[in-house]
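Read-outs throughout are calculated quantities, based only on the coordinates presented, and are distinct from any laboratory measurement. The model shown is predicted, which means the values in this text are computed figures rather than measured ones. Backbone-built Cβ (ideal geometry, glycine too); neighbour counts: all protein chains shown.
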Amino acid sequence: MKMKETAKKIQLTPLSTALKTPLIAALLVTVFVVSVMALHLDIAKFQSRLANIGKTLSHFVAFDIPTLPKALLEMLSSISLGIGALAIGSVISLALSFLAAANTTPNRFLAASIKGGIALIRAVPALVWVLMVIASIGFGNTSGLVGLLFPTCGYLIKSFIASIEDKGMGTIEALQATGAGWFEIMLFGVLPGLLTSLLSWTSMRLEHNIAESISLGMVGVSGVGSMLMRALGNYHYAEITTITVVIFVTMLTVELAVGQVRKKLNGDTTK
């Protein structure tokens with residue numbers, strides 16, 4: 001009897017595998033169709049205006065040299081905002097990560113509270129946090145910096161906790177046996193072995209911070225995003241192209257620099 005049941009299972013397995021792929025494909029197609037229908041797309045309007053695309057794009061084939069120095073200065077302001085939020089957020093995130101990680105927390109309830117708060121922060125877009133801060137303390141770079149701290153800490157704390165928990169309990173238990181206190185264990189036992197990993201996460205977040213600081217310029221925070229918003233509102237196509245090129249070159253440079261930093265950090269880890 002057992003052999004017959006096993007044979008039946010072996011015969012049914014290819015059939016179930018064969019049915020699984022079409023079912024998944026049908027589900028994906030259904031989700032796609034429902035999503036498109038929910039958007040209420042005006043296809044007729046889109047087709048009628050296709051002819052205007054070439055004319056509109058021709059306006060952007062221009063470069064406004066006088067705008068370049070100001071765009072670079074505003075880009076520097078956006079970079080400074082991103083770096084400032086990253087520096088402050090890194091310190092806050094490091095402290096909260098040790099308190100929230102399962103293997104280093106002094107209190108389970110405290111760890112659960114921090115992780116719950118971080119889940120809430122990550123669920124809300126950065127733009128919403130900035131708008132709430134602006135409503136509280138007004139427009140300006142201060143609002144941008146404070147607002148940018150929320151997504152920065154949300155990203156870094158989650159990443160730092162993962163690195164700390166991967167460390168395990170070996171070093172911690174060994175230091176506890178010597179009578180070392182919690183702060184001494186974190187500072188001299190756990191942190192030195194995590195520096196490479198934490199720096200890697202921080203360098204990755206830099207790119208996101210700069211990109212978000214640019215977008216925040218569109219909601220009242222100074223920087224190249226604010227300059228781009230004004231150019232878009234006035235239909236100054238040459239200025240828009242110039243600012244877009246500055247943003248593209250800057251972000252490409254930051255991405256390459258972050259890649260090199262991570263490569264060096266990973267190289268140090270493997271040595």
> Which one of T202, T242, T30 has the biggest mean-square fluctuation once the chain is modelled by GNM with Cα springs under 10 Å?
Replying inline: T30
>> Classify region 121-271 from the C-alpha gyration tensor, please: rounded if a/c falls under 1.5, else prolate or oblate depending on whether a/b exceeds b/c.
In response: oblate
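Just the C-alpha atoms of region 190-271: what Rg/Rh do they give, with Rh taken as the Kirkwood radius? List each step's numbers first, then the result.
Numbers: Rg = 17.1 Å, Rh = 14.6 Å.
Using Cα coordinates only, the ratio equals 1.17.
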> Which whole-number value in Å³ per residue fits the convex hull of the alpha carbons of the chain?
Replying inline: 269
>> Let me check against my output: what whole-number percent is the relative contact order of region 15-159, with C-alpha pairs under 8 Å and at least 6 apart?
In response: 23
> From the cross-link list K167/K264; K70/K264; K45/K70; K20/K115, which pairs have alpha carbons spaced over 30 Å apart?
Replying inline: K70/K264; K45/K70; K20/K115
> Can you work out ³J(HN,Hα) from phi for every residue in region 226-240, in order, using Karplus 6.51 cos²θ - 1.76 cosθ + 1.60 and θ = phi - 60°, giving whole Hz and x for Gly and Pro?
Replying inline: 5, 5, 5, 5, 5, 5, 5, x, 9, 6, 8, 4, 5, 5, 4
> Which of P22, N103, V190 sits closest to the plus end of the dipole of the chain, meaning its Cα is farthest towards the positive end, when Lys and Arg get +1 and Asp and Glu get -1 on the C-beta?
Replying inline: P22
> Residue by residue through region 70-82, which ³J(HN,Hα) values in whole Hz follow from phi under the Karplus form 6.51 cos²θ - 1.76 cosθ + 1.60 (θ = phi - 60°), with glycine and proline marked x?
Replying inline: 5, 5, 5, 5, 5, 5, 4, 5, 5, 5, 4, 5, x
> At a Förster distance of 51 Å, what's the computed FRET efficiency of A123 paired with A174, Cβ-Cβ distance as r, to 0.05?
Replying inline: 0.85
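Can you sort L156, L76, L50 from fewest to most other Cβ atoms within 10 Å of each residue's own Cβ?
Final ranking by Cβ density, sparse to dense: L50, L76, L156.
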>> Give me the dipole magnitude in Debye, nearest 20, for region 131-271 about the Cα centre, with unit charges on the beta carbon: positive for Lys and Arg, negative for Asp and Glu.
In response: 200
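How high is the relative contact order of the chain, given as a whole-number percent (alpha carbon pairs under 8 Å, six or more residues apart)? List each step's numbers first, then the result.
On the way: 266 pairs, mean separation 71.0, N = 271.
After rounding, I find 26 percent.
Within region 23-122, which chymotrypsin sites (Phe, Trp or Tyr not before Pro) sit in a loop by DSSP and count at most 16 neighbouring Cβ atoms inside 10 Å? Write down the numbers at each step before the final one.
Values: sites: F32, F46, F60, F63, F98, F109; in loops: F63.
Here the sparse-neighbourhood loop sites are F63.
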>> Assuming 0.36 nm per residue, please report the length gained on full extension of the stretch T253 to L41 beyond their Cα-Cα distance.
In response: 72.6 nm
>> Amide H of S222 versus every other amide H placed in the peptide plane: which residues, excluding those fewer than 5 positions away on the same chain, fall under 5 Å?
In response: G140, N141
> Just P192, P106, P22 to compare: in a GNM of the chain, with alpha carbon springs under 10 Å, which one fluctuates most?
Replying inline: P22
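Region 120-175: D in µm²/s via Stokes-Einstein (Kirkwood Rh, Cα pairs, 37 °C, 0.692 mPa s)?
Details: Rh = 13.0 Å.
The calculation lands on 252 µm²/s.
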> Which one of M204, M169, M227 has the biggest mean-square fluctuation once the chain is modelled by GNM with Cα springs under 10 Å?
Replying inline: M169
> Per the helix-only calculation at 222 nm, which mean residue ellipticity applies to the chain, given -39500 (n - 2.57) for every DSSP H run of n ≥ 4 and division by its residues, nearest 500 deg cm²/dmol?
Replying inline: -28000 deg cm²/dmol
